[in-house]
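Engineer: Mind looking over this structure? Questions follow.
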Amino acid sequence: MPVLDKKIVAFIKKHHVLTLATSISNNPYCANCFYSFIEEEKMLVFTSDNDTKHVKNVLLNDSVAGSIVLETSIVGKIQGIQFIGKIFEPKDDILKKSKINYLKRFPFAALMNTNLWVVKLSFVKLTDNRLGFGKKLIWEE
């Protein structure tokens with residue numbers, strides 16, 4: 001299995017909000033979520049209620065895309081991740097690992113009554129203009 005470039009890992013770990021894109025019957029939808037990252041499993045973990053539109057969508061189509069970006073207007077500092085993966089509600093050992101990982105990053109989530117979700121990454125593209133204009137690092141499973 002290919003290893004994620006350390007620049008990709010560092011960027012994902014540095015940020016905490018992702019945009020998740022879902023689609024049902026050619027009707028796209030986006031949601032923003034706080035996330036944690038389990039590097040060795042190449043998984044993004046987030047919480048969301050079952051009655052949200054994006055969770056209803058992923059129950060019908062588990063293929064998702066998304067992004068994590070650095071907000072800047074300085075062209076030379078533009079950075080961002082685009083990803084593709086499969087989403088699922090973790091169970092058993094993955095649930096335990098995901099919960100520990102997420103609560104370590106967001107302890108306040110222990111007070112929330114919500115469900116954990118995991119995006120198992122299959123494709124990641126980091127654009128980082130600090131490495132050269134339009135420089136892209138791509139990882140694919």
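Each value in this text was obtained by applying a stated rule to the coordinates, not by laboratory testing. Everything quoted here is computed from the prediction, not taken from an experiment. Please note: Cβ atoms are built from the backbone with ideal geometry, for glycine as well, and neighbour counts cover all protein chains shown.
Engineer: What's the longest bit of the chain with no exposed trypsin sites (Lys or Arg not before Pro), using DSSP loop states and at most 16 other Cβ atoms within 10 Å as the test?
Structural biologist: Within the chain, the longest run free of exposed trypsin sites (Lys or Arg not before Pro) spans 1-90.
Engineer: Give me the number: length gained by fully extending residue 71 to residue 109, i.e. 0.36 nm times residue separation minus the C-alpha to C-alpha distance, one decimal in nm.
Structural biologist: 11.2 nm
Engineer: Where Lys and Arg each count +1 and Asp and Glu each count -1, what net charge lies around residue 115 among other residues with Cβ under 13 Å from its Cβ? Write down the numbers at each step before the final one.
Structural biologist: On the way: positive: 56, 91, 99; negative: 49, 51, 89.
In short, 0.
Engineer: As a test of the formula, what do you get for the chain when each DSSP H run with n ≥ 4 contributes -39,500 (n - 2.57) and the sum is divided by the residue count, at 222 nm and rounded to the nearest 500 deg cm²/dmol?
Structural biologist: -6500 deg cm²/dmol
Engineer: Would you list the membrane-span-like helices of the chain, meaning whole DSSP H runs whose alpha-carbon atoms span at least 15 Å along their axis and whose mean Kyte-Doolittle value is at least 1.0?
Structural biologist: none
Engineer: Mind checking the log10 I(q)/I(0) for region 27-136 at q = 0.11, 0.12 Å⁻¹? Debye, one equal scatterer per Cα, no solvent, two decimals.
Structural biologist: -0.40, -0.47
Engineer: Starting from the Cα of residue 15, step 7 Å along the direction of its Cβ; do the same at residue 39; then give the gap between the two resulting points in nm.
Structural biologist: In this crude label model, residue 15 to residue 39 measures out at 1.8 nm.
Engineer: Roughly speaking, what % of Cα-Cα pairs in region 83-130 are separated by over 14 Å, rounded to a whole number?
Structural biologist: Values: 688 of 1128 pairs.
When every Cα pair of region 83-130 is considered, 61 percent fall beyond 14 Å.
Engineer: Something else: Normalising by the residue count of the chain, find the relative contact order in percent from Cα pairs under 8 Å and 6+ residues apart.
Structural biologist: Relative contact order, the chain: 26 percent.
Engineer: What pairs from 7/104; 99/136; 53/135; 14/99; 53/136 go past 28 Å between their alpha carbons?
Structural biologist: Checking Cα-Cα distances, 99/136; 53/135; 53/136 exceed 28 Å.
Engineer: Then there is this: What three numbers, in Å, describe the spread of the alpha carbons of region 12-58 along their principal axes, ordered from the longest?
Structural biologist: 33, 20, 18
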